[in-house]
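The values are calculated or read from the model by the stated rules, or taken from the named source; none is laboratory data. Small disclaimer: the values here were computed from a predicted structure and weren't measured. Counting neighbours? That spans all protein chains shown, and the Cβs are built from the backbone with ideal geometry, glycine included. In case anyone asks, the SASA skips ligands and DNA or RNA and just uses the protein heavy atoms, side chains included. Shrake-Rupley method; radii C 1.70, N 1.55, O 1.52, S 1.80 Å.
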Amino acid sequence: MLDKMTILDVEKVVRDFEATTKDAENVQRQTLKLILEENGCAEYLQKLGLNGRTDPESFKACVPVVTHKDLEPYIQRVVDGALPPILTGKPITTISLSSGTTQGKPKFVPFNDELMETTLQIYSTSFAFRNREFPIENGKALQFIYSSKQTKTKGGLFAGTATTNVFRNSQFKNAMKAMQSQICSPDEVIFGPDFHQSLYCHLLCGLIFREEIQLVSSTFAHSIVLAFRTFEQVWEELCADIREGVLSSRVTFPSVRSAMAKLLKPDPELADLLEKKCSGLSNWYGLIPELFPNVKYIYGIMTGSMEPYLKKLRHYAADVPLVTADYGASEGWIGANINPTVPPESATYVVLPNIGYFEFIPLKENVVQDKVNGSSLSVEPEPVGLTEVKIDEEYEVIITSFAGLYRYRLGDVVRVTGFHNSVPKLKFVCRRNLLLTINIDKNTEKDLQLAVEEAAKSIAEQKLEVVDFSSHVDVSTEPGHYVIFWEISGGVSDEVLQECCNCLDRSFVDAGYVSSRKVNTIGPLELRVVRKGTFQKILDHYMGLGAALSQFKTPRCVGPMNSKVLQILCDNVAKNYFSTAF
Ligand code: AMP
């Protein structure tokens, strides 16, 4: 659709959006019908006995709610190139590597043309609303986007992160042009093999086209902050490159160098101007508008785990508006931000009822009476439909997509804040199972537990044990870092505890954590040893609030929402250690 037009007809996009959201229940029925008609012949659906039925009632009766783990054997067969249609009617040719939602671990999910179509639909929907408030005309975009390596699975499918699959798709560029925000960096930079070199070149491209830049963006806001932090370090080198028209030797890849050589011309005037501007700034406040005088807004996902970056982003942006991007996952898109003037902290996402079939598990505890012994049992409530959710309630999102996921638990918690026509507006709350996250890292309670077990081996040699433990993400310093609280059964030497701390840091093995540690976008892990009895005080605190002892669970991750517990932990720190593992 977008490749056939040069400029997006935003008014038509808005009209279509209004029509589909007014009739959401019906649109959801139709969408489910389309998904099931297209994929009815897939082995997964065949086995469940739908027998060609496509109505929501039969669908819910036959198809179970699943997690990624349940679907893994099917997805693995797709990845391995199995021939008969397994999850979708048409064969899957591309696989996305998700950062992980349910287990907090990277995982494979199918990607197909329909998912690409929905990507373009959601991009154009939010753009149409954004452009009403902040019109962009014939502008260039400084997009800090980076492609991961696209590999081939043993079954011959392409595999990369979902964003890589999108950036590599020929329709993506056309869509950007249609939205009048042509990416200022050449492909060689976006697809460059080294992220540091690409970042440097993105900055350089932005400066070369500084007058034309109307938009600064990235997928997640974290990358924008990282880019301008880097700018603070390398600005003199960037200016020297512009002055001489020669790219710094820090960029070594020939393809990237030759692409950049086409853009770089000696421009001493621009170099002088930039040097003057940079020297004149106080602590880099307002850097973005200073560098890019025609920038209209800054765009990227800014909610959820990205919120901690808003402060720094505002510092660089000064008065330039921050607009959060849409809400989705490798598994599929969910909602668009159609209120771009709302600050990211209060942003909501309006679900598009024709990009997937959506259900929601209410998170309110559902307590029922056990018929046999009369005791109370907590059971998970039944999922409700898109138009059945209630304002102010929290839900876990379930998605049925065009790419072979049926009643799939996304693991995200959202709150309904209102309705746009008949579809809910969702505020992103958190990942349901996620404990520790600063930027692209994701660690669950299980990961924390495994790390603690591993590190505790050193003290076990001295017949000591970790009595209890908890954790905290400290973003009050830059960069943020993990803090692990330990209560130990006896005295341990500093030397051994330092080793425990290093071991903890090394034991978080998810790719996001390890890569962030290596580039220091996450600081050294801190082990804080608390005095004996600290966890008893926490328990006492909960008991004071009316909790039941038999059901008491130590909070394994303590955030700002739990400030009293954090205070108890911090007030009782006896010693602390910072990792020297990286
Ligand atoms: P991934 O698993 O790498 O595909 O990342 C998708 C996850 O990122 C979602 O399940 C959410 O937890 C998070 N996410 C995506 N979009 C947003 C958003 N707009 N606000 C907050 N979190 C988001």
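Taking (1) within 15 Å of the ligand (Cβ to nearest atom); (2) part of a loop (DSSP other than H, G, I, E, B); (3) surrounded by fewer than 18 Cβ atoms within 10 Å (Cβ to Cβ) in turn, residue 364 satisfies each apart from (1).
Can you give me the number of residues within the range 254-276 that are charged (D, E, K, R), open to solvent by less than 70 Å² (accessible area, probe 1.4 Å) and over 37 Å from the mean Cα position of the chain (by Cα)? Qualifying residue count, the range 254-276: 1.
Here are some conditions: (1) surrounded by 14 or more Cβ atoms within 10 Å (Cβ to Cβ); (2) under 28 Å from the mean Cα position of the chain (by Cα); (3) in a loop (DSSP other than H, G, I, E, B). Residue 50 meets all but one. Which one does it not meet? For residue 50, the exception is condition (2). Of everything in the range 348-358 that is in contact with a Phe, Trp or Tyr (Cβ under 9 Å, 6 or more places away or on another chain) and buried (at least 24 other Cβ atoms within 10 Å of the Cβ), the residue that is nearest to residue 322 (Cα to Cα) is 349.
The C-beta contact set for the range 297-321 (first residue farther than 17 Å from residue 426 by Cα and of a type in the set (Lys, Arg), second residue more than 12 Å from the ligand (Cβ to nearest atom) and open to solvent by 30 Å² or more (accessible area, probe 1.4 Å), distance under 9 angstrom, 6+ apart or interchain) comprises 312/229; 312/478.
For the range 482-503, a tally of residues being more than 25 Å from residue 537 (Cα to Cα) and open to solvent by less than 40 Å² (accessible area, probe 1.4 Å) returns 3. The lone criterion from (1) within 30 Å of residue 337 (Cβ to Cβ); (2) surrounded by fewer than 20 Cβ atoms within 10 Å (Cβ to Cβ); (3) of a type outside the set (D, E, K, R) left unmet by residue 299 is number (2). Is it the case that the range 238-261 has a residue that's assigned to a strand (DSSP E or B) and touching a helix residue (DSSP H, G or I) at 6+ places or on another chain (Cβ under 6 Å)? No; the residues of the range 238-261 include none that is assigned to a strand (DSSP E or B) and touching a helix residue (DSSP H, G or I) at 6+ places or on another chain (Cβ under 6 Å). With respect to the conditions (1) within 16 Å of the ligand (Cβ to nearest atom); (2) open to solvent by less than 60 Å² (accessible area, probe 1.4 Å), residue 433 falls short on a single one, namely (2). Here residue 418 meets the list (1) exposed (fewer than 15 other Cβ atoms within 10 Å of the Cβ); (2) farther than 30 Å from residue 18 by Cα; (3) not acidic (Asp, Glu) almost entirely, failing just condition (2).
Among (1) modelled with pLDDT under 90; (2) open to solvent by less than 50 Å² (accessible area, probe 1.4 Å); (3) within 16 Å of the ligand (Cβ to nearest atom), which single condition is residue 118 missing? Unmet condition: (1). The residues on offer are 438, 399, and the sole one that is within 27 Å of the chain's Cα centre (by Cα), within 30 Å of residue 86 (Cβ to Cβ) and open to solvent by less than 30 Å² (accessible area, probe 1.4 Å) is 399.
Residues in the range 133-184 that are modelled with pLDDT of 85 or more, β-branched (Val, Ile, Thr) and buried (at least 17 other Cβ atoms within 10 Å of the Cβ): 4 in all. Taking the numbered list (1) more than 12 Å from the ligand (Cβ to nearest atom); (2) in a helix (DSSP H, G or I); (3) open to solvent by 10 Å² or more (accessible area, probe 1.4 Å) in turn, residue 288 passes all entries but (3).
Does the range 445-452 contain at least one residue that is touching a helix residue (DSSP H, G or I) at 6+ places or on another chain (Cβ under 6 Å) and either open to solvent by 20 Å² or more (accessible area, probe 1.4 Å) or within 16 Å of the ligand (Cβ to nearest atom) (or both)? No, the range 445-452 contains no residue that is touching a helix residue (DSSP H, G or I) at 6+ places or on another chain (Cβ under 6 Å) and either open to solvent by 20 Å² or more (accessible area, probe 1.4 Å) or within 16 Å of the ligand (Cβ to nearest atom) (or both).
Just for the range 299-332: of the residues that are small (Gly, Ala, Ser) and over 19 Å from residue 440 (Cβ atoms), which one is nearest to the ligand (Cβ to nearest atom)? The qualifying residue nearest to the ligand (Cβ to nearest atom) is 332. The test for being within 24 Å of the chain's Cα centre (by Cα) and touching a residue at least 24 places away in the same chain (Cβ under 8 Å) holds for residue 162. Inspection of the range 64-80 identifies at least one residue that is open to solvent by 60 Å² or more (accessible area, probe 1.4 Å) and within 16 Å of the ligand (Cβ to nearest atom). Cβ-Cβ contacts under 7 Å between residues 6 or more apart (or on different chains), taken from a first residue in the range 42-60 that is at pLDDT 95 or above to a second residue that is charged (D, E, K, R) and open to solvent by 30 Å² or more (accessible area, probe 1.4 Å), are listed as 54/33; 54/37; 56/29.
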